[in-house]
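We did not get these values from a lab; they are worked out from the coordinates using the rules stated. The structure displayed is predicted, hence computed values, not measured ones. As a convention, Cβ positions derive from the backbone with ideal geometry for all residues, glycine included, and neighbour counts pool all protein chains shown.
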């Protein structure tokens, strides 16, 4: 039997999509007697959730890649933080009132990937917001205590930003960024900006970022110290973009961190790299892409890719608390939970100037 909740609960509302690409707010679970957390669980009032590009993909396109497909009514969201309001007696390291960031992972713990610490590759993974697993974009959620990370007195917004920071940290690690490495980040969206902040903290110099939107590049210049920018023109050849990157950097970069998944951007990053360089692709793109194979071959350029993250949350919390990675400027728009449909419209509209749109609940 769970302990009593610390506050009287309201109606539980969630942000849904479906195979018809609708976006709507409706009552959701858990509710009533089902609010009581089970063994190993806590009940969390979700106070802040960021909108991720994958949320928009699921709503607009119904899928991300060939396997993650919206086939029924589905709750979105996996960038969230909140406060614990009920605890099952079996949980000893969390208490009512604790602020937590919610990690969406729920791996099996017994497969080879899990046993090697690479639980992001678990074939039995249940990841919040990846169909058919419902996401965090709701007022209340029951969550395994293991995947609730204490954030102390960190703001709920900063707690929600830990998830995209984890994506960037995994990218920096897999790309192998070291002190003094010349690095290019392709794409000045939320993951691109956060990746640039992490690359700067890791000692990348010079540091260049590209985008097709001048406003996003201007934003990057304000929040990432010393970053150089390349404005990509629509229809511009990948080779030309690559040359512009080299000019901005003053040399061929060692590492490209590609955050768009767009074929032309991936190719541009490849053309900019020095012999023996690395392109690390974080961005989600088309199932099949044409890339300059022989250029990769004769220049011994490595392609690396990424699927989510593993074991990054404690580091992300330390980086934010220390101020080494400053996320304070990333939230550009805020909406209440009941305004979530408008929040998604804003996050999807390039003209809005949105970097990170946050959905809040009091």
Task: Footprinting exposure proxy for 22, 213 (fewest neighbouring C-beta atoms within 10 Å first) - done: 22, 213
Task: the range 1-105 - percent relative contact order, Cα under 8 Å, separation 6 or more - done: 34 percent
- [ ] Going by C-beta contacts inside 10 Å, put 11, 157 in order with the fewest on the left.
- [x] 11, 157
Task: Rounded tilt (10° steps) of 238-249 against the dominant C-alpha axis of the chain - done: 90 degrees
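Relative contact order of the chain, please, whole-number percent, based on alpha carbon pairs below 8 angstrom and at least 6 residues apart.
16 percent
What ranking do 245, 96 get, fewest neighbouring Cβ atoms within 10 angstrom at the top?
96, 245
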Task: Cα gyration tensor shape of the range 284-362, rounded if a/c is under 1.5, else prolate or oblate by comparing a/b with b/c - done: oblate
Open item on the list: Given the DSSP H assignment, sum -39500 (n - 2.57) over each helix run of at least 4 residues in the chain and divide by its residue total; what's the result at 222 nm in deg cm²/dmol, nearest 500?
Closed with: -8500 deg cm²/dmol
- [ ] Name the shape class, rounded, prolate or oblate, that the alpha-carbon gyration tensor gives for the range 167-305, where a ≥ b ≥ c are the square roots of its eigenvalues, rounded holds for a/c under 1.5, and otherwise prolate holds if a/b is larger than b/c and oblate otherwise.
- [x] rounded
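When a/c is below 1.5 the answer is rounded, else prolate if a/b is larger than b/c, else oblate, so apply that to the chain with a ≥ b ≥ c taken from the square roots of the Cα gyration tensor eigenvalues.
Prolate, since a/c reaches 1.5 and a/b exceeds b/c.
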